[in-house]
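J.: Before I ask anything, here is the structure I am working with.
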Amino acid sequence: MLPFDNWLSVILLIGVCITVVILIVLYVQGVFRRRIHYKIFNFPSPTAPDFSPTVASLSDSFISSAEATKFWVKADEIQPARLNAIRCAQHRILFETYIMTPGERADAFATALIEKANSGVTVQVVVDSYGAKSVPERYWKNLELSGVEVRFFNPFSWRSPYDYLKRSHRKLLLIDDQIALIGGAGISDYWDGIPEQGDRAPWFDFEAQFEGPVVERLHGLFIQHWLDSGTTIDLGKNPLTQSSNQTLQTSLPTVLITSGEDPSYRDSSIRALYQMLVMSAQSRIWIASPYFLPFSNIQNLLIDAKHRGVDVRILTMGSKTDKPFVHYSARELYKNLLQEGIEIYEYQPSMMHGKTVLIDDSWVSMGSANFDPRSFWSNDELNVSTAQPFLCQNVENFLSNGFRESHCISYQEWKRRPLIQKIRGKVMLLFYLLL
């Protein structure tokens with residue numbers, strides 16, 4: 001038997017070897033590469049005729065048309081709206097989400113889907129294999145036995161374990177190729193509050209409904225993830241377009257769809273979209289992002305906007321959060337923004353989970369994407385951007401209410417945060433950025 005000192009040496013050697021292997025893997029993956037910084041001068045303002053085409057071209061977004069018709073806030077409005085849309089379906093229900101957890105919300109959702117599948121409606125569901133990992137197998141079996149087709153996005157494989165970091169963060173419900181519900185909420189009781197974490201109030205989130213030709217384009221995005229699971233589809237039985245749809249409705253407002261498909265550090269549609277929106281602002285940039293970890297180029301663009309007189313405000317999560325390590329990590333990035341007078345509001349009643357950017361009085365982007373490395377470089381996301389007054393006004397109200405129920409952090413207060421919080425934040429920020 002080896003003496004204690006020898007065992008200690010062996011353990012240390014194993015630890016060093018593991019560390020070296022991890023660093024090599026991260027190096028090969030390009031984690032330590034320099035981040036690219038850029039700036040575009042004379043970017044069109046949101047009211048300029050060439051604004052939408054410019055943003056679409058540079059962010060790999062596609063231009064379509066749709067009308068935002070409904071807007072809901074918090075779980076007590078969002079989840080019933082989804083269930084009602086499902087119950088009204090006559091032909092086809094397509095649903096994709098990141099988070100699903102066992103509970104009353106998931107059970108109600110399954111009941112609604114099963115009822116429609118039993119009535120002959122085509123029901124197809126794509127769920128992220130990581131985001132839905134806590135849902136038991138019997139839940140999916142019950143759906144499939146009733147005729148609901150279920151596919152899991154990017155399940156873990158030992159052949160490519162690093163690829164498991166690529167997630168689908170989208171939340172999308174399509175009904176009969178006529179309406180689309182898009183937002184940030186998952187199918188989970190979390191959105192009603194998490195009492196064991198001291199969060200008893202409903203999460204602050206929202207969802208919007210769109211109608212028009214854009215639904216067909218969103219159908220195509222859904223099918224791309226459906227096919228990624230290795231399945232098949234018969235376009236004869238399930239066409240992507242419907243002849244009855246008036247796909248050339250030029251009278252409907254313009255919308256940009258940014259899908260953020262398989263992003264990388266060189267090619268990130270979501271990053272490009274957000275940076276261009278910030279560069280275009282003339283009077284206001286109001287941002288809601290629960291996981292707010294802006295890399296240096298985004299920070300510089302926000303600071304530039306502040307210097308040119310733009311009202312820059314950030315609404316993010318406070319201490320009531322589902323991911324405390326992200327909260328502490330994010331706080332380590334506040335310094336430069338606070339020093340330049342940018343207002344950062346931490347939501348107090350519960351978890352703030354809405355994701356949106358309001359530019360001036362005329363343009364809004366909303367959906368699943370955060371201002372963080374995962375939305376920029378890892379996740380498949382989905383954002384809708386438009387200048388529709390109905391949506392702009394509702395998002396403005398959402399943000400205004402959020403600011404009123406938040407604590408605005410001052411630079412002096414940030415400097416006085418406890419030492420243990422600083423250490424925890426810096427360590428967690430390192431690991432978060434590596435992922």
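Nothing in this text is a laboratory measurement; each read-out follows from the coordinates by a stated rule. Just so it is clear, the structure is predicted and the values come from calculations on it, not from any experiment.
J.: Once phi is turned into θ = phi - 60°, what whole-Hz ³J(HN,Hα) does the Karplus curve with 6.51, -1.76 and 1.60 give for every residue of segment 215-224, x standing for Gly and Pro?
T.: For segment 215-224, the Karplus curve yields 4, 5, 5, 5, 4, x, 5, 4, 5, 4 Hz.
J.: Looking only at the chain, where both bridge partners belong to it, what percent of the DSSP beta bridges are antiparallel (to the nearest 5)? Kindly include the intermediate steps, with their values, before the conclusion.
T.: Values: 44 of 68 bridges.
For the chain, the DSSP antiparallel bridge percentage is about 65.
J.: Alpha carbon centre of segment 53-129 versus segment 259-289: separation in Å?
T.: 24
J.: Jot down the radius of gyration and Dmax of segment 66-228, Cα atoms only, both in angstrom.
T.: 15.5, 45
J.: Each residue of segment 340-357 in turn: what ³J(HN,Hα) in whole Hz from Karplus with 6.51, -1.76, 1.60 and θ = phi - 60°, glycine and Pro shown as x?
T.: Once θ is set to phi - 60°, the couplings for segment 340-357 become 8, x, 6, 8, 10, 10, 9, 5, 9, x, 6, 6, 8, 10, x, 10, 7, 9 Hz.
J.: Between ASP176, ASP189, ASP76, find the one with the highest GNM mean-square fluctuation for the chain; connect C-alpha pairs within less than 10 Å.
T.: ASP76
J.: Report the Stokes-Einstein translational diffusion coefficient (µm² s⁻¹, integer) for segment 348-394, Rh taken as the Kirkwood radius over Cα pairs, at 20 °C with viscosity 1.002 mPa s. Walk me through the numbers on the way to the answer.
T.: Details: Rh = 11.9 Å.
Answer from the Stokes-Einstein relation: 181 µm²/s.
J.: Once phi is turned into ³J(HN,Hα) by the Karplus curve 6.51 cos²θ - 1.76 cosθ + 1.60 with θ = phi - 60°, what whole-Hz value does each residue of segment 45-50 show in order, with x for glycine and proline?
T.: Calculated HN-Hα couplings, in order: 6, x, 8, 6, x, 8 Hz.
J.: For the chain, what is Rg from Cα atoms divided by 2.2 N^0.38 Å, rounded to two decimals?
T.: Working: Rg = 22.5 Å, N = 435, 2.2 N^0.38 = 22.1 Å.
Rounded to two decimals, the normalised Rg is 1.02.
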